[in-house]
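Before any comments, here is the structure.
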Amino acid sequence: MNTRTNPTAVIAEDEPVLSRTLCRLLQEVWPELQIAGVAEDGLKATELALEHTPDVMFLDIRMPGRTGLEVAEAVADEWPDEKAEPLFVFITAYDGHAVAAFEHAAVDYMLKPATAERLQVSVQRLKQRLAERADSPAAGGMAALMQRVQSISAPASESPERIKIIRAGVGNTVRMIPLSDVICFEATEKYVNVVTAAGEALVRMSLRELTSRIDSTDFMQVHRSVLVNTNSILSATRDENGHYSLSLRGLQRPLKVSRAFGHLFRAM
């Protein structure tokens, strides 16, 4: 059980009036909660979370820089191994599909506008979870948390086309790349970089959608933005800070493994 006396929180909300209202209401319904920081955009929220490692994060879904979901992914991906798992509360306007997605992923959410009644329900749930929480995440716990968050915004297509060959545009040519030739997939802002021994190519698709559609069991996630072909992994090296990097067949540069997935490469 986590023994920290006073729980701490980071709030991420880009509308100042709503942010002040949430802070005020939290003081009323949860006076022992210490607000470690307030962010007006997703990048600052990520920075505050990794700096203060709060017990709870209240995240507006729509923010500049990063959405609340993207903040949660980034925080879970790099959360320190020795710190107790953070609890995320997503703040959203009512949307039937979004609410169903939150409930399916088993994450907390709160509907706008924030009221004392709505916040009281959320706070009681959070207090219970904090009381039951372990002092540090179990092996793979943060990866599982991140993947639950990712599932909230997963593609809703019922029968997506399964991908066996990557069709990547390179100038006026479309390269046909078998999945077996792919060393890794790396997400960029709007594209996925397909890395092979013969070179790299971009496809206009999110890594989340690609992951749900590739017709192969040979790929594993090692970072929120990286998927690796397990047949290409030669070795994993751990540095003095506990971070792992992979040596991959056909790739001349090391590939970083995030903290959330480091447990996959510990010696048996």
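Using the Cα gyration tensor of the stretch 3-61, with a ≥ b ≥ c the square roots of its eigenvalues, what is the shape: rounded (a/c below 1.5), prolate (a/b larger than b/c) or oblate (neither)? Don't skip to the answer; put the middle values down first.
Numbers: a/c = 2.66, a/b = 1.13, b/c = 2.35.
It is oblate, given that a/c is not under 1.5 and a/b is not larger than b/c.
Can you tell me the mean projection area, over all orientations, of the convex hull of the stretch 110-268's alpha carbons? Units nm², please.
Numbers: hull surface 53.6 nm².
Orientation-averaged projected area of the Cα hull: 13.4 nm².
Which order do the peptides 241-250, 127-136 come out in when sorted by mean C-beta neighbours inside 10 angstrom, highest first? Spell out each step's value before the answer.
Working: 241-250: 15.3, 127-136: 12.8.
Per-residue Cβ counts within 10 Å, averaged per peptide and sorted highest first, yield 241-250, 127-136.
Under a crude label model (7 Å from the Cα following the beta-carbon direction), how far is Asn172 from Leu130 in nanometres?
6.4
Using the Cα centre of the chain as origin and beta-carbon charges of +1 (Lys, Arg) and -1 (Asp, Glu), tell me which of Met146, His52, Gly169 is placed farthest towards the positive end of the dipole.
Ranked along the dipole, the leading option is Gly169.
Taking K and R as +1 and D and E as -1, what net charge do the other residues with C-beta under 15 Å from the C-beta of Arg224 add up to? Numbers along the way, then the final one.
On the way: positive: Arg66, Arg148, Arg208, Lys256, Arg259; negative: Glu70, Glu73, Asp77, Glu78, Glu186, Glu189, Glu209.
Taking every Cβ under 15 Å from that of Arg224, the sum is -2.
Express the carbon and sulfur contribution to the solvent-accessible surface of the stretch 148-235 as a percent, rounded to the nearest whole number, probe 1.4 angstrom.
On the way: 2290 of 4830 Å².
Result for the stretch 148-235: 47 percent of the exposed heavy-atom area is carbon or sulfur.
Please report, largest first and rounded to whole Å, the three semi-axes of the ellipsoid equivalent to the chain, where each semi-axis is the square root of five times an eigenvalue of the C-alpha gyration tensor. Could the numbers behind the result be given before it?
Details: eigenvalues 263, 95, 47 Å².
In descending order the semi-axes read 36, 22, 15 Å.
Treating the beta-carbon of each Lys and Arg as +1 and of each Asp and Glu as -1, no other charges, what is the dipole magnitude of the chain about its Cα centre, to the nearest 20 debye? Intermediate results must be reported in sequence, preceding the final value.
Numbers: 29 positive and 35 negative charges, 119 e Å.
With only Lys, Arg, Asp and Glu charged at Cβ, the dipole is about 580 debye.
Distance in nm between label sites at Ala138 and Asp239, each 7 Å beyond Cα in the beta-carbon direction?
3.1
Write down the percent of antiparallel bridges among all DSSP beta bridges whose residues are both part of the chain, to the nearest 5.
Working: 32 of 51 bridges.
Bridges in the chain are about 65 percent antiparallel.
For the chain, with every protein chain kept in place, what is the accessible area per residue (1.4 Å probe, Å²)? Could the numbers behind the result be given before it?
Values: 13730 Å² over 268 residues.
On a per-residue basis, the chain sits at 51 Å².
Report the local net charge at Pro16: Lys and Arg +1, Asp and Glu -1, summed over other residues whose C-beta lies under 13 Å from its C-beta. Before the final figure, lay out each step's value.
Numbers: positive: Arg20, Arg24; negative: Glu13, Asp14, Glu15, Glu40, Asp41, Asp60.
Here the charged neighbours net out to -4.
Glu200 to Arg266: FRET efficiency via 1/(1 + (r/R0)^6), r the Cβ-Cβ distance, R0 41 Å, to the nearest 0.05? It would help to have the intermediate numbers written out before the result.
Working: r = 30 Å, r/R0 = 0.73.
Computed FRET efficiency for Glu200 and Arg266 comes out at 0.85.
Work out, step by step, the length gained on full extension between Asn6 and Lys190: first 0.36 nm times the residue separation, then minus their alpha carbon distance; give nm to one decimal.
Numbers: separation 184, 0.36 × 184 = 66.24 nm, distance 4.06 nm.
In short, 62.2 nm is gained.
Please give, to one decimal in nm, the separation of the simple spin-label points placed at Ser151 and Leu50, each 7 Å out from Cα toward the Cβ.
2.6
The values are calculated or read from the model by the stated rules, or taken from the named source; none is laboratory data. Because the structure is a prediction, the values reported are computed rather than measured. Heads up, the Cβs are rebuilt from the backbone with ideal geometry, glycines too, and the neighbour counts pull from every protein chain shown. Please note that ligands, DNA and RNA were not included when accessible areas were found on the heavy atoms of the full protein model with its side chains. Shrake-Rupley method; radii C 1.70, N 1.55, O 1.52, S 1.80 Å.
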